[in-house]
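Colleague: Got a structure for you, written out below as structure tokens; questions coming shortly.
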């Protein structure tokens, strides 16, 4: 981390693993390091690990493009490091490459599927998926899964694409203009379906 003057965090997991590895390697981050977080929640979580100063922590609303002004301001002076999982952060890496930032990604943790085979006799009214990995996990654990009456709730376009590729029907979709969160999408769906 010494050779990088700015760190980009895409999730709380990336923060946990970055600072875990720093501790294991006995590396202390410079007080001058700048941190770019994709959301306010990620930036707030960062306070567990550093002394929080407005001049060195920048937060977007949800995507790397939200940090455009702050990142462009520091583009010439900073070398960026982005801790990622084995799944990467495609939208963020595409943005950094497209805008020619001096950056490097660092694989710091792996995201793996849980063994859910003990749930094979259980049926659910709704299955909620937040990432394509969730769909992969479903079919890894239950290769013969049939949707039948189970409703499928999906968050995000990449998850939607993965669900459709597996031939499943989407009953609940978020975010949408009237339902920005999965909680709101589920509430709306339940209100409508309970009226029937």
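Colleague: Test residue 81 against the criterion of being in contact with a helix residue (DSSP H, G or I) (Cβ under 8 Å, 6 or more places away or on another chain) and either at pLDDT 95 or above or in the same structural domain as residue 45 (by TED's automatic domain parsing) (or both), and give yes or no.
Modeller: Taking the combined requirement at face value, the residue does not satisfy it.
Colleague: Right, here's the next one. Considering only residues that are assigned to a loop (DSSP other than H, G, I, E, B) and in contact (Cβ under 8 Å) with a residue 12 or more places away in the chain, which ones fall in the range 17-47?
Modeller: Within the range 17-47, 27, 29, 30, 31, 32, 33, 38, 39 meet the criteria.
Colleague: So for the range 173-182 (the condition being touching a strand residue (DSSP E or B) at 6+ places or on another chain (Cβ under 7 Å) and assigned to a strand (DSSP E or B)), does at least one residue qualify?
Modeller: yes
Yes/no matrix, rows are residues, columns are (1) surrounded by fewer than 19 Cβ atoms within 10 Å (Cβ to Cβ); (2) more than 29 Å from residue 181 (Cα to Cα):
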site: 5; (1), (2): yes, yes
site: 20; (1), (2): yes, yes
site: 26; (1), (2): yes, yes
site: 32; (1), (2): yes, yes
site: 38; (1), (2): no, no
site: 43; (1), (2): no, no
site: 63; (1), (2): yes, no
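The values are calculated or read from the model by the stated rules, or taken from the named source; none is laboratory data. Remember, it's a predicted structure, so these values are computed and weren't measured experimentally. Don't worry about glycine lacking a Cβ; one is built from the backbone with ideal geometry, like all the others, and counts go over all protein chains shown.
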